[in-house]
Amino acid sequence: MSEDKPADAAEAPGTDDAAAAEAKTPIFRNPTFWIITIVVVAALAIGGFLYYRHSRQFETTDDAFVDAHIVRIAPEVAGTLIQVADLDNRHVKAGDLLAVIKPSGPQAQLAEAQAGIDQATAQFSQAQAQIAAAIATRDQTQSQALAPIAAATKAAQDLARYESLAKIDRSAVASTQLDQARANARSTAGQAAAARKQVSSADAQIAVARKAADAAMAMIAARRAQADQARVTINNLRLTAPVSGQVVNRSVNVGSYVAPGTQLLAIVPDTMWITANFKETQLKDMRLGQEVTIKVDAFPDVKFLGRVDSIQRGAGQAFALLPPQNATGNYVKVVQRVPVRITFLVGKDDPDPRNYPIGPGMSVVPTVKVR
């Protein structure tokens, strides 16, 4: 037993040296390390490739906002508001009454124009009667002129016959008879000329009466135009909603005096869309009608759907008030942004943006499926 103890004592240091040597073996020589490394790298490569294949199907941007044609309500006439609908942040339909301006002058103008129409109508009736009377007078004058004209014609024929006989045989016609025929021809010719002048005067009276009728008709049209203008002004005293939408930014109340063009309130229409400013490098595969997934920052858990409606022909900076001048020698290329209009799609099971408090200026993140 005494000889075994030194042997055990001698084996212990050797075992420790083997363990220490094994512990000092580099990890790169450990097959398990390489297996794990290869598996991880392969998984990352496959995952990256799949992510790339998936992500290249979409184009997205966070430079996007809800947009709409905001309708600003302003009166066309000046006056004091006697009624303003309490519709702050309420939804209205097209044609709903918004405000009423106190009527004053327009009603008096309408009454005056209506009285002018009645007066002009009476003048037109009188002119029509004058036309009828002038025509009757002309017809009577023409009838009366027939006898003098016929007498003048007969006297002229008699004179011509007497003169012809006198040329053939001087003694066939007495001088007194020839002189009497000449006097009779002159007398009847004067009477015929006077009768013709009376007929011409009667025709002139008809023309005057017709001119008076035309003037009365023109006066009727002018008065009716004044009445229509007064009615338009009266209608303008009642301000109604031109479109359906939500009333916002009301700045007046009952008793406020408003002038033409003064903004009273605004209406955000129900029809809204997304204006997304994509980089110009993102437009290569973008086409009209492509599907879009819309995420509104205010409602991150709601998935709205849309489609590409139009792409602006030109970058946004080209329409700035002061477009940049790049011919200055210090040009630095910057990727430009192009506005893309995206409309909401509302299907049977899709969320309707009109059921959410979404309005112009709110931030969204659209994702367009381009492949």
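The values are calculated or read from the model by the stated rules, or taken from the named source; none is laboratory data. Treat the numbers as computed from the prediction; the structure is a model and nothing was measured. Don't worry about glycine lacking a Cβ; one is built from the backbone with ideal geometry, like all the others, and counts go over all protein chains shown. Accessible surface areas use protein heavy atoms only, side chains included; no ligands, DNA or RNA. Shrake-Rupley method; radii C 1.70, N 1.55, O 1.52, S 1.80 Å.
Summary table
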| quantity | calculated |
| --- | --- |
| Candidate set: the range 87-138, residues that are under 24 Å from Asn253 (Cβ atoms) and among the acidic types (Asp, Glu); chosen: the one nearest to the chain's Cα centre (by Cα) | Asp96 |
| First in the range 298-322 and touching a residue at least 60 places away in the same chain (Cβ under 8 Å) and within 27 Å of Ile358 (Cα to Cα), second anywhere and open to solvent by 50 Å² or more (accessible area, probe 1.4 Å) and outside any loop (DSSP other than H, G, I, E, B), Cβ under 6 Å, 6 or more apart | Gly306/Leu345 |
| So Gly261, is it on the phi > 0 side of the Ramachandran plot and under 31 Å from the mean Cα position of the chain (by Cα) | yes |
| Matching residues, the range 67-124, being part of a helix (DSSP H, G or I), over 30 Å from Ala212 (Cβ atoms) and of a type outside the set (Gly, Ala, Ser) | Pro106, Gln107 |
| Flag if Val254 is more than 18 Å from the chain's Cα centre (by Cα), aliphatic (A, V, I, L, M) and open to solvent by 60 Å² or more (accessible area, probe 1.4 Å) | yes |
| Total residues in the range 318-357, condition in a strand (DSSP E or B) and closer than 18 Å to Lys279 by Cβ | 6 |
| Search result, residues across the range 312-322 that are open to solvent by 60 Å² or more (accessible area, probe 1.4 Å) and of a type in the set (A, V, I, L, M) | Leu321, Leu322 |
| Pairs where the first residue, in the range 333-360, is touching a residue at least 40 places away in the same chain (Cβ under 8 Å) and the second is in a strand (DSSP E or B) and exposed (fewer than 13 other Cβ atoms within 10 Å of the Cβ), C-beta under 6 Å, 6+ apart | Arg341/Ser310 |
| Single residue of the range 77-86 satisfying the filter (among the small types (Gly, Ala, Ser) and at negative phi) that is nearest to the chain's Cα centre (by Cα) | Ala78 |
| Number of the condition not met by Asp270 [criteria: (1) open to solvent by 40 Å² or more (accessible area, probe 1.4 Å); (2) without any contact (Cβ under 8 Å) to a residue 60 or more places away in the chain] | (2) |
| Number of the condition not met by Ala74 [criteria: (1) open to solvent by 50 Å² or more (accessible area, probe 1.4 Å); (2) under 32 Å from the mean Cα position of the chain (by Cα)] | (1) |
| Cβ-Cβ under 9 Å pairs, at least 6 apart or on other chains, the range 239-259 side farther than 19 Å from Asp67 by Cβ, far side surrounded by 12 or more Cβ atoms within 10 Å (Cβ to Cβ) and among the acidic types (Asp, Glu) | Thr240/Asp96; Ala241/Asp96 |
| Hits in the range 273-298 - residues which are open to solvent by 20 Å² or more (accessible area, probe 1.4 Å), among the β-branched types (Val, Ile, Thr) and farther than 15 Å from Met362 by Cβ | Thr281, Thr293 |
